[in-house]
1. Quick check, is Gly272 at pLDDT below 95 and open to solvent by less than 40 Å² (accessible area, probe 1.4 Å)?
2. Answer with yes or no whether Val90 is closer than 19 Å to Val243 by Cβ, at pLDDT 90 or above and either buried (at least 23 other Cβ atoms within 10 Å of the Cβ) or more than 16 Å from the chain's Cα centre (by Cα) (or both).
3. Just give me the residues in the range 162-181 being more than 24 Å from the chain's Cα centre (by Cα) and more than 22 Å from Pro51 (Cβ to Cβ), in sequence order.
4. Within the range 219-246, how many residues are touching a Phe, Trp or Tyr at 6+ places or on another chain (Cβ under 6 Å) and modelled with pLDDT under 95?
5. Look at the range 194-214 and say how many of its residues are among the charged types (D, E, K, R), exposed (fewer than 12 other Cβ atoms within 10 Å of the Cβ) and part of a loop (DSSP other than H, G, I, E, B).
6. Among the residues of the range 280-302, is there at least one that is out of contact with any Gly (no Cβ under 8 Å at 6 or more places or on another chain), over 16 Å from Ala212 (Cβ atoms), β-branched (Val, Ile, Thr) and open to solvent by 20 Å² or more (accessible area, probe 1.4 Å)?
7. Does the range 66-87 hold any residues that are part of a strand (DSSP E or B) and surrounded by fewer than 18 Cβ atoms within 10 Å (Cβ to Cβ), and which are they?
8. Among Glu180, Glu187, which is of a type outside the set (A, V, I, L, M, F, W, C), open to solvent by 20 Å² or more (accessible area, probe 1.4 Å) and either at pLDDT 95 or above or part of a helix (DSSP H, G or I) (or both)?
Amino acid sequence: MRLRTSSALALAAVPAIALSACGSGGATTTSSTTTTASPSASASASTASAPITPAAKGELAGITVGGTPAKPTVKVDKAPFTTKETTAKVVTQGMGQVVNKTDMVVANALFVSGKTGKTLEDTFAANQPQQIPVNQWIPGVAKGMLGQKVGSRMLVAMAPADAAALIAQGNPQSGITADETLVAYVEIQKVGFKGEPCKVVTSKEGLPEITAADGKAATMKPTTAAAPKQATAYVLKEGTGPVVNAGQTLSSHYTGMLWTNGTKFDSSYDHGKEPTPFPIGVGQVIPAWDKCLTGQKVGSRVLVVAPPAEAYGAKAQDKIPANSTLVFVVDLVKAQ
């Protein structure tokens, strides 16, 4: 697997999250990597796997929300503001679905130091809502989101153990001390992925003809039909295992081919007999994979069609020409 990098937000323990995908010519793009000490998402396995329970409810007197919906502000009326228990207050009640701990969530967040009152990070101002599974947001934010409805805006005062202590340990240069309280103002925009969802079809009409045998790279006979404009999945063989959730490590065998002529540009079988593991649903593979493979059952063989906007766009990648629609046959071997 080759790295696809992006300036995604991460717990200060790790510089920008590395986004990876398939093979030397596989499902990857590459952009510049930046280093950040941002408190949005947990990058450590230990925090991501820790049990998440809903935050306590409270009024959070001493914290004032101002500004506009597009550019909110958070003021610590009298610093330092402290709490020993992560506590949430709903400022605006949403009307959407309830957020569960296995959900992918698109959200904006404004982080403020309770110790100094200074803004640490603001995705509202940057107009860059983050797409992160609930259980991989920093624990304090995850607790605040859990059980809330899409569309809600809330204040979350995070106990040191749920935020600052993790950041201070992971990145001492952040300037955040292990004993301080961090405050976040969070807007839950969506459960799911950014953009259009994967279109799961039950008919193979208009799709390439696939030949796939166990232990070998798949092949395809191109179709004369127009390529889909939306990420599309067709289950060639349904498995009987558990459903794949965002945030898991998915091990799979795959073959990637060009829609136009069926040329193979990569296959896990070119790199050995073992399935390739990769994080799924967290932006470390192309969007079509995140969208179309989460929700599938382990043991399934899935045909995924990735239009350019859900793959590499206008940038050529090794054997993949610019603006290519890609076809993948993916065997879901294991998810954990």
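1. Details: at pLDDT below 95: yes; open to solvent by less than 40 Å² (accessible area, probe 1.4 Å): yes.
The answer is yes for Gly272.
2. On the way: closer than 19 Å to Val243 by Cβ: no; at pLDDT 90 or above: yes; either buried (at least 23 other Cβ atoms within 10 Å of the Cβ) or more than 16 Å from the chain's Cα centre (by Cα) (or both): yes.
So Val90 fails the test.
3. Going residue by residue through the range 162-181, those that are more than 24 Å from the chain's Cα centre (by Cα) are 172-173, 175-181.
Matches in the range 162-181: Pro172, Gln173, Gly175, Ile176, Thr177, Asp179, Glu180.
4. So the first thing to find is which residues in the range 219-246 are touching a Phe, Trp or Tyr at 6+ places or on another chain (Cβ under 6 Å), and the list is 227.
Still in the running and modelled with pLDDT under 95: none.
Number of matching residues: 0.
5. Residues of the range 194-214 among the charged types (D, E, K, R): 194, 196, 199, 204-205, 209, 214.
Cutting the leftovers down to exposed (fewer than 12 other Cβ atoms within 10 Å of the Cβ) gives us 205, 209, 214.
Those still in the list that are part of a loop (DSSP other than H, G, I, E, B) too: 205, 214.
Number satisfying all stated conditions: 2.
6. No: zero hits.
7. Of the range 66-87, the ones part of a strand (DSSP E or B) are 66-67, 72-76, 87.
Matches in the range 66-87: Gly66, Gly67, Thr73, Lys75.
8. Numbers: Glu180 fails: open to solvent by 20 Å² or more (accessible area, probe 1.4 Å).
It is Glu187.
The values are calculated or read from the model by the stated rules, or taken from the named source; none is laboratory data. Predicted model, so just to flag it, every value in this text is computed and none were measured. For neighbour counting, all protein chains shown are included, and Cβ atoms are generated from backbone atoms with ideal geometry for every residue, glycine included. These accessible areas exclude ligands, DNA and RNA; they are computed on the full protein's heavy atoms, side chains included. Shrake-Rupley method; radii C 1.70, N 1.55, O 1.52, S 1.80 Å.
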